1. Using a 7 Å offset from the Cα along the Cα-to-Cβ direction at both D58 and V215, what is the distance between the two label points in nm, to one decimal?
2. Output the peptides 65-74, 7-16 sorted from most to least packed, where packing is the average of other Cβ atoms within 10 Å over each peptide's residues.
3. Please report, in whole Å, how far the alpha carbons of the range 30-111 spread along each principal axis, starting with the longest.
4. Mind running the shape call on the range 134-245? Use the C-alpha gyration tensor, a ≥ b ≥ c as the square roots of the eigenvalues: rounded below 1.5 for a/c, prolate if a/b tops b/c, oblate otherwise.
5. Please report the antiparallel percentage of the DSSP beta bridges confined to the chain, to the nearest 5.
6. Return one quarter of the surface area of the convex hull spanned by the alpha-carbon atoms of the range 3-243, equal to its mean projected area, in nm².
7. Of all chymotrypsin sites (Phe, Trp or Tyr not before Pro) in the range 96-204, which ones are in loop regions per DSSP and have a Cβ with at most 14 other Cβ atoms within 10 Å?
8. For the range 127-190, state which trypsin sites (Lys or Arg not before Pro) are in a DSSP loop and have at most 10 other beta carbons lying within 10 Å of their beta carbon.
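Bear in mind these aren't lab numbers, they're just calculated from the coordinates by the rules spelled out. Everything numeric in this text was worked out from a predicted model, so none of it was measured. FYI the Cβ positions are ideal-geometry reconstructions off the backbone, even for glycines, and counts take in every protein chain you see.
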Amino acid sequence: MKTVLVTGATGTLGTPTARTVKDAGYRVRALSRKSGDGLTTGDLLTGEGIPEAIEDVDTVVHLATGSRDVEQAKAAIDACRDAGIAHFVLISIVGIESIPLGYYKGKVEIEKYLEKSRVPFSIVRATQFHQFVDGIFSAQRFLPLIVAPKFSFQPISTDDVATRLVELVGSAPAGRVADIGGPESLTATELAQKWKNSNGSRRAIWTANMPGKIVKGYAAGHNLVPGRPYGTSTFDEFLRDKYGK
Ligand SMILES: NC(=O)c1ccc[n+]([C@@H]2O[C@H](COP(=O)([O-])OP(=O)(O)OC[C@H]3O[C@@H](n4cnc5c(N)ncnc54)[C@H](OP(=O)(O)O)[C@@H]3O)[C@@H](O)[C@H]2O)c1
């Protein structure tokens, strides 16, 4: 039986991924800086616990992130190279070279570092998670209006992303594989309307045409995946699960 180390296993994507890896019949090690039931303790920034966490592991699924995303990822890749890990599976984000966000520039750097590392790897880029889109509107709960940028998202469920990650765990290292997105591309205004209905909010939605290169990148659709979608679970389903309507 393969042993799979999931970094970021307590996070939004890591939680369903660790569960899906386990359900698929693999032995799972769920890395966290915390200690607790079912967790393997380690910190990618200090290095504490990492050699032990990685010992006898076949595949690493790297989902940990934070304000020092690049440093964390490089540390994980270096540890895998030193330990001779057979497969490093990396989650990344659709459109990272076309939308000039600092966090996205870091993702490009991480992908390049992995490609040059000699660690056998698979990289899959996903669109924004349902939780991310929900977060945009939830963060505005004290504003008199709901502001929606004038571009679209194609939100995907973290369960669907987890399913794809586990498919990659079960396959040979494949390099960069096809991007994945959710079942629907919707304008932020349409998503705001759904969020508003679920939350029973009476606030008006304001579609804001914002300036700047970042917005331009989103408005050009660089965060979307054309063609047949991978994800099947909709934003409506996510909202129903979270808010009950
Ligand atoms: N959000 C989106 O819409 C989206 C879309 C596509 C791709 N992604 C990518 O998906 C990945 C996962 O995102 P997420 O939203 O699930 O992240 P998240 O919920 O913020 O979780 C971050 C995880 O990183 C772990 N972590 C942080 N610092 C660490 C350290 N020094 N050492 C070890 N672990 C550390 C945390 O574990 P502890 O706190 O337990 O230590 C936590 O489990 C990221 O790479 C993100 O860029 C996100």
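1. About 5.0 nm, to one decimal.
2. Details: 65-74: 16.1, 7-16: 21.1.
Averaged packing, sorted descending, gives the order 7-16, 65-74.
3. Computed over the range 30-111, the largest-to-smallest principal extents equal 38, 26, 20 Å.
4. Oblate, because a/c is 1.5 or more while a/b does not exceed b/c.
5. 5 percent
6. Value for the range 3-243: 13.2 nm².
7. Loop-located and lightly packed - F142.
8. On the way: sites: R141, K150, R164, R176; in loops: R141, K150.
Within the range 127-190, the qualifying trypsin sites (Lys or Arg not before Pro) (loop, at most 10 other Cβ atoms within 10 Å) are R141.
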